[in-house]
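The values are calculated or read from the model by the stated rules, or taken from the named source; none is laboratory data. Small disclaimer: the values here were computed from a predicted structure and weren't measured. All Cβ positions, even for glycine, are placed from backbone atoms using ideal geometry, and neighbour counts span all protein chains on display.
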C-alpha cells in the first residue's frame with residue numbers, strides 16, 4: 001500500500017513501495033487506476049469504443065483501462081523491448097492485441113506485478129506518448 005492507503009495513489013516521498021506480497025493485495029479498483037492516470041498533466045478520459053475506457057494525453061492514448069483489472073501500456077519502442085515484461089511476469093503480462101508489435105502490453109493489476117511497477121509502467125507509457133506529440137500539443 002502507498003502512504004495514502006491506496007494501492008494506486010502516488011507514493012509518498014518516504015514510501016519504499018508496496019509493502020504487501022505481490023498477488024495478495026485486494027488490488028486497486030478501476031477508479032483508483034483511473035485517478036492515477038488522470039493525475040498526469042494534460043490527461044483526460046475517453047471511451048472511443050463502447051465499454052473501453054482509455055486515458056489520453058493530447059489526442060493519443062497512453063493507457064487502456066477497460067474494466068480496471070488490467071492496463072494496456074506502451075512499454076518499449078518495439079516488441080523486443082516490451083518483451084522484457086513478458087519474461088518477468090509470464091502469467092500477468094501479455095502482448096496487446098493488434099498494437100502489440102509496437103511495444104504495447106497488457107498488465108494484470110491484481111496479479112504478481114507490484115503496484116509500484118504498474119505505476120512505473122503507466123508513467124513510462126505516458127512519457128513515451130507525450131514525447132511523440134508535437135511540442136505545441138504537449139502539456140506544460
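The table for this structure:
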{"read-out": "Segment 30-45 - residue that is farther than 17 Å from residue 120 by Cβ and touching a strand residue (DSSP E or B) at 6+ places or on another chain (Cβ under 7 Å) and, of those, modelled with the lowest pLDDT", "value": "34"}
{"read-out": "Check on residue 106, touching a residue at least 40 places away in the same chain (Cβ under 8 Å) and either surrounded by 16 or more Cβ atoms within 10 Å (Cβ to Cβ) or in contact with a strand residue (DSSP E or B) (Cβ under 6 Å, 6 or more places away or on another chain) (or both)", "value": "yes"}
{"read-out": "Residue match in segment 86-93 (condition: surrounded by fewer than 20 Cβ atoms within 10 Å (Cβ to Cβ), modelled with pLDDT under 95 and over 21 Å from residue 45 (Cβ atoms))", "value": "no"}
{"read-out": "Answer residue from segment 68-89, given it is assigned to a strand (DSSP E or B) and touching a helix residue (DSSP H, G or I) at 6+ places or on another chain (Cβ under 9 Å) and is nearest to residue 109 (Cα to Cα) among those", "value": "71"}
{"read-out": "Pairs where the first residue, in segment 126-140, is more than 7 Å from residue 57 (Cβ to Cβ) and the second is at pLDDT 95 or above and in a helix (DSSP H, G or I), C-beta under 6 Å, 6+ apart", "value": "138/130"}
{"read-out": "Candidate set: segment 42-52, residues that are assigned to a loop (DSSP other than H, G, I, E, B) and either at positive phi or under 15 Å from the mean Cα position of the chain (by Cα) (or both); chosen: the one surrounded by the most Cβ atoms within 10 Å (Cβ to Cβ)", "value": "42"}
